[in-house]
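Notes to accompany the following structure.
Values quoted throughout were computed directly from the atomic coordinates according to the rules given, and no laboratory measurement underlies them. Treat the numbers as computed from the prediction; the structure is a model and nothing was measured. Please note: Cβ atoms are built from the backbone with ideal geometry, for glycine as well, and neighbour counts cover all protein chains shown.
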Amino acid sequence: MVQQAYPPVSVRQLCGWLGVSRSWYYAHSPRDEQAAQDMALREAIEQIVLEFPGYGYRRVTQALRRTGWPVNHKRVLRVMREEALLCQLQRHFVVTTDSAHGYHTSPNLLNKAVLTGLDQAWVADLTSIRLSTTFVYLACILDAFSRRCIGWKLSRQIDTRLTLAALEMALATRQPAPGLIHHSDRGVQYASREYIARLEQAQARVSMSATGIPKTMPKPRASSRRSNTRRCI
């Protein structure tokens, strides 16, 4: 490839000199650059979906062909399924909370709590992070008084093992006294038997938000907020 023989030349410059688009360049690259082609195709599809949110895979295929991509609708459909681009709402919001389970849920103990120091209440949550080719999931635990992250874990699987790993890190780091409030949503990752058993072993009190109500952390007591927060950050 010309790009390999002259590394300082960017793909954009090379395509400009040759009078071809970058999509054409990637589409005509050798087999060992298949990963680069797939990445470019994903970016091209995502750009079309962002510009035309109502487009399905067939219209996206037509738009790609107009810009020089020799792709068929089956490949476009596969990529759009993998990237959750078939529905624009799915792209912006990845569901991390599955509260439709048969496990026991607990009342909210955090909404009336008044915090005066560290390790009196922890707040646990999950979020998704979009990478170039997939989603990963982050489980983290915050100390409600300092707002500091005290336990976390990153994984491609959104399950109890993910949340347990973050909890184990927090327990090992802080070693809280009995009576700690552990607050989370009602997702299956936090309501599972394994997770609840570990909290009981640590003598923590289980607290959960009501369905459809976001988690909020209580404000620390004003008299102790300034000095304690400085020491923990």
(message) Under a crude label model (7 Å from the Cα following the beta-carbon direction), how far is residue 154 from residue 108 in nanometres?
(response) 3.2 nm
(request) Note down the nm distance, to one decimal, between modelled labels 7 Å out along Cα→Cβ at residue 116 and at residue 172. (result) 3.3 nm
